[in-house]
Every structure is written in C-alpha cells, then in structure tokens.
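Right, one structure below, let's go through it.
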Amino acid sequence: MNNKIKIHKMNECDINQAADIWQNCYNKYSSTNNFFPSYWKTNTSEIKDFLEQKVKDGAAFAAEADGILIGYLAFDAFNFNGEESVFCPSIGHAVIDDYADKVYLLLYQAAAKDWVSKNIFNHMWTINYNDTRLKNTLYDLGFGSYLVDAFARTDAKLDAVSSYEIRKAASNDADILCSLVEESREYYASSPLFLKRDPYLIDDISKILTNGNVFIAYNNNIPVGFINLSVSHENNCIDLSVKNCGMIDEIGAYIKPEHRGNNLGKDLLKNVFNYCTSNNIELIHVDFETANLFANKFWKKYFSPVLLSVRRTINKNIND
Ligand SMILES: CC(C)(COP(=O)(O)OP(=O)(O)OC[C@H]1O[C@@H](n2cnc3c(N)ncnc32)[C@H](O)[C@@H]1OP(=O)(O)O)[C@@H](O)C(=O)NCCC(=O)NCCS
C-alpha cells in the first residue's frame, strides 16, 4: 500500500478535504469525551484559515492515494526557549483512519527531512490525549510528553474547605501579587521542570489585575498563594478554547511550598468555579507541563485532559 501513497506539499485545493478529515477525527474523539468544546464539531473556518496560511508558507504536507487526499501535516516554525523549533498543533494534522499509522509515518518522514535540513532539531506535535495509537507511534520515534491541555465544566461541585482566607485581588494588591509571581519563577526553573519564565514588571501585574480575576489566599493576613482566571474573547484553534471560556493562564496558580497539600489549591479553584458560574462561563481551560510534578497531579483531579503535546529532540550533530 505504501507504494500507492504519495507525499507532496499541500495545495490550496486540498484544504476543504483536509478540514473534513480533521473534523471527522475531532468528532470521533469528542464522542467519548464531552469536555472537547462542541464549537469545533461544526465549525471549520478557523482551521481552513490556518491551513490556507500554511499552504502559502509552504509549511504543509499532504498524503494522497489514488488521487484522493488521505492525510496532511501542517506546522509553525519558531524559536522556542532559545531553540529553532517546529510545532504541529492538533488542527495541523489528521489522517483517514484506515491508513493512520503508515500515513503519519510517511508525513513525519517527509516533514522531518525538511526541518532537519534547515537545522531545526526540536519537533513538537499536539495530538488528541486519548489517541493512544498515534501516541505510541510517536513515542517509538523518540517523542515524549511535554504539555497537557485540559478543560473543566464549571458546574462541577468542589467541596473544598481550607483554613485560609481567600480574597479577590484589587488593583492595589499589585505588590503582593508581584512578589508571589516572582517566587513562582524560581519554582518553574527548578528540577525536574526547568522552565524559564520571563520576569513580570509591576505594570504587567497591574494589567493582569485589571484584565483578569486574581484570588489571593492569606494565612493570618500573610499572602501565601494565588490563582488567576482570565476570560477569552475569541476562539483559539490551537488550544481549542472558545469565546467566553475561562482561562487559567499567564501567571496561573501558585502556592508557597509550606502551604501545599492543605486543600488550598482546591479552595482557590472553588472560588474560580463560583466566579464562572455567576458569570455564565461554562468551561475552563488550563495547560500544564507534564514535568511539573504538582500540576500534573492537581489539575487532572478536576480537569479532563483533551490534548497532549509531545516533543522530540534530534541529535544536534547530524548536519556536521
Ligand atoms: C498545584 C498547586 C496549586 C496545588 O495546590 P495544593 O494546595 O498543593 O493542592 P490541594 O491540597 O488543594 O490538593 C487538591 C487535590 O490534589 C491532590 N494533589 C495536589 N498535589 C498533589 C501531588 N503533588 N501529588 C498527588 N496529589 C496531589 C491532593 O491529594 C488533593 O486531592 P484529594 O482532595 O483527593 O486529597 C500547588 O501544589 C502549587 O502551587 N504547586 C507549585 C506551582 C504549580 O505547579 N502551579 C501550577 C502551574 S500550572
């Protein structure tokens, strides 16, 4: 069958068919997990726009058999944590089920040849969290877990009780929040996570306080942790969040080490859920690195993973 499959750069005339293949896959995965936002089941305009741009950039490969499109792979190229990288988002690939493994391997082979010839050695790929077949194929190629995108429904009951006082932050809490955020940077940079985050200036923190909803926890009037929720104003086909979705993003959530494991994280999250239900926000999105040992346990208790991003690093001396 491999002989019949041809890989070529994707053309404009492939886009409608590619979006159909993607949507069939999305409907299949979302039929067993109702945390997938329903918007993407019936809307493909953002996906077509994305593919159109990728075709123009020459950043999309197509697979065809007997003249029919059976799969595609489209990607972004950018600098990620100091390294030239490529990233294939969940809308950047799909294949017809009958051909899945073979076509994915052929598409990756063609794309990886192109990337490595340009000295791009960091390859990232987002798949449906429950697509164990593709996950196994990618793991055999040397990919490993990096990031999870997960959603929660805000009508879920959280029976959190903690001994902490939680207050919604006001604009004059910028100094308090700034010092907690600065402390969180040390946590993200530590082993085994090793995530470098840029410092936040006080003005950045003031903007977060204005645009987001920050809840700060106090122990005997001493600030010990926070959570931040913003609300999305548009659909985002990269992380699949939709308009009016709660987003635990930017500064996220952080609790000082000595106060972890006392139900405070859950209590902060309860405040976020309550805010959402009072403001007609039905869905919340969060993403977290799987090497973040706390986050990888905590969020999975209350959120359902929908996407998994995996990463492969190629031997750096291959083009020497
Ligand atoms: C992630 C974090 C906010 C969780 O807050 P927390 O107060 O420690 O968590 P809680 O005590 O409320 O725990 C809630 C539940 O998660 C579970 N949980 C939390 N951390 C866990 C861990 N490291 N391992 C296993 N389970 C864990 C608890 O067992 C509890 O479950 P239960 O109610 O069934 O007993 C906090 O640990 C933290 O700030 N970590 C460092 C920063 C960070 O990772 N932030 C998230 C960035 S995306």
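Output the residues belonging to segment 250-268 that are more than 6 Å from the ligand (Cβ to nearest atom) and at pLDDT 95 or above. First the steps, then the outcome.
Initial filter on segment 250-268 (more than 6 Å from the ligand (Cβ to nearest atom)): 250-251, 256-259, 267-268.
If the condition is that a residue be more than 6 Å from the ligand (Cβ to nearest atom) and at pLDDT 95 or above, then I251, K256, P257, E258, H259, D267, L268 are the ones that fit.
Looking only at segment 27-42, count how many residues are exposed (fewer than 14 other Cβ atoms within 10 Å of the Cβ) and in a loop (DSSP other than H, G, I, E, B). Don't jump to the end; show me each part of the working.
Here is the first cut: in segment 27-42, the residues exposed (fewer than 14 other Cβ atoms within 10 Å of the Cβ) are 27-28, 31-32, 34, 38, 41-42.
Imposing the further condition that a residue be in a loop (DSSP other than H, G, I, E, B) reduces the set to 31-32, 34, 38.
Selection size over segment 27-42: 4.
Of all residues in segment 54-85, which are more than 24 Å from Q23 (Cβ to Cβ), part of a strand (DSSP E or B) and either touching a residue at least 24 places away in the same chain (Cβ under 8 Å) or not hydrophobic (A, V, I, L, M, F, W, C) (or both)?
Within segment 54-85, A77, N79, F80, E83, E84, S85 qualify.
In segment 231-249, how many residues are away from the ligand (no atom under 14 Å from the Cβ), closer than 26 Å to A174 by Cα and out of contact with any Cys (no Cβ under 8 Å at 6 or more places or on another chain)? So that I can check it myself, show each step before the final result.
At the first step, the residues of segment 231-249 found to be away from the ligand (no atom under 14 Å from the Cβ) are 231-238, 240-246.
Narrowing the set further to residues that are closer than 26 Å to A174 by Cα leaves 231-233, 244-246.
Narrowing the set further to residues that are out of contact with any Cys (no Cβ under 8 Å at 6 or more places or on another chain) leaves 233, 244-245.
Adding up the residues that qualify gives 3.
Need the failing condition index for F151 against (1) away from the ligand (no atom under 12 Å from the Cβ); (2) in a helix (DSSP H, G or I); (3) in contact (Cβ under 8 Å) with a residue 60 or more places away in the chain, just the number.
(2)
When you check A156 against the structure, is it in contact with a helix residue (DSSP H, G or I) (Cβ under 9 Å, 6 or more places away or on another chain), crowded, with 20+ Cβ neighbours inside 10 Å and among the small types (G, A, S), yes or no?
On the way: in contact with a helix residue (DSSP H, G or I) (Cβ under 9 Å, 6 or more places away or on another chain): yes; crowded, with 20+ Cβ neighbours inside 10 Å: no; among the small types (G, A, S): yes.
When the stated conditions are applied, A156 does not pass them.
Against the definition (of a type outside the set (K, R), surrounded by fewer than 18 Cβ atoms within 10 Å (Cβ to Cβ), more than 7 Å from the ligand (Cβ to nearest atom) and not assigned by TED's automatic domain parsing to the domain that holds I91), how does N317 come out, yes or no?
yes
Out of (1) more than 15 Å from A160 (Cβ to Cβ); (2) over 23 Å from the mean Cα position of the chain (by Cα); (3) away from the ligand (no atom under 12 Å from the Cβ); (4) in a helix (DSSP H, G or I), the odd one out for N280 is which?
Just one mismatch for N280, condition (4).
Looking at segment 204-233, I want the residues that are under 17 Å from N262 (Cα atoms) and have a partner that is modelled with pLDDT under 95 and crowded, with 17+ Cβ neighbours inside 10 Å with Cβ atoms under 9 Å, at least 6 apart or on another chain. Which pairs are those?
A217/S162
Quick check: anything in segment 179-201 out of contact with any Lys or Arg (no Cβ under 9 Å at 6 or more places or on another chain), of a type in the set (D, E) and within 30 Å of N33 (Cα to Cα)?
No, there is no match, as no residue in segment 179-201 is out of contact with any Lys or Arg (no Cβ under 9 Å at 6 or more places or on another chain), of a type in the set (D, E) and within 30 Å of N33 (Cα to Cα).
What tally of residues in segment 296-309 results from selecting those that are within 19 Å of Y188 (Cα to Cα) and in contact with a strand residue (DSSP E or B) (Cβ under 8 Å, 6 or more places away or on another chain)?
First, pick out the residues of segment 296-309 that are within 19 Å of Y188 (Cα to Cα): 296-300, 309.
Narrowing the set further to residues that are in contact with a strand residue (DSSP E or B) (Cβ under 8 Å, 6 or more places away or on another chain) leaves 296, 299-300, 309.
Residues that pass the stated criteria total 4.
Looking at segment 175-203, which of the residues that are among the aliphatic types (A, V, I, L, M) and without any contact (Cβ under 8 Å) to a residue 40 or more places away in the chain is nearest to the ligand (Cβ to nearest atom)? If you could, list the steps in order and put the result at the bottom.
Keep residues of segment 175-203 that are among the aliphatic types (A, V, I, L, M), which gives 176-177, 180-181, 189, 193, 195, 201-202.
Narrowing the set further to residues that are without any contact (Cβ under 8 Å) to a residue 40 or more places away in the chain leaves 189, 201-202.
Numbers: A189: 12, L201: 21, I202: 21 Å.
By that ranking, first place goes to A189.
For a quick check of your reading of the model, give me the residue pairs whose first member lies in segment 8-25 and is among the small types (G, A, S), whose second is surrounded by fewer than 18 Cβ atoms within 10 Å (Cβ to Cβ) and assigned to a helix (DSSP H, G or I), with beta-carbon atoms closer than 6 Å and at least 6 apart or on different chains.
Within 6 Å, the pairs are A19/K48.
Taking segment 284-305, which residues are small (G, A, S) and part of a helix (DSSP H, G or I)? Full working, then the answer.
So in segment 284-305, the residues small (G, A, S) come out as 291, 295, 304.
Passing the criteria: only A295.
Just a yes or no: is a residue in segment 128-135 modelled with pLDDT under 95, of a type outside the set (A, V, I, L, M), part of a loop (DSSP other than H, G, I, E, B) and outside the structural domain of A59 (by TED's automatic domain parsing)?
No; the residues of segment 128-135 include none that is modelled with pLDDT under 95, of a type outside the set (A, V, I, L, M), part of a loop (DSSP other than H, G, I, E, B) and outside the structural domain of A59 (by TED's automatic domain parsing).
The values are calculated or read from the model by the stated rules, or taken from the named source; none is laboratory data. Treat the numbers as computed from the prediction; the structure is a model and nothing was measured. Please note: Cβ atoms are built from the backbone with ideal geometry, for glycine as well, and neighbour counts cover all protein chains shown.
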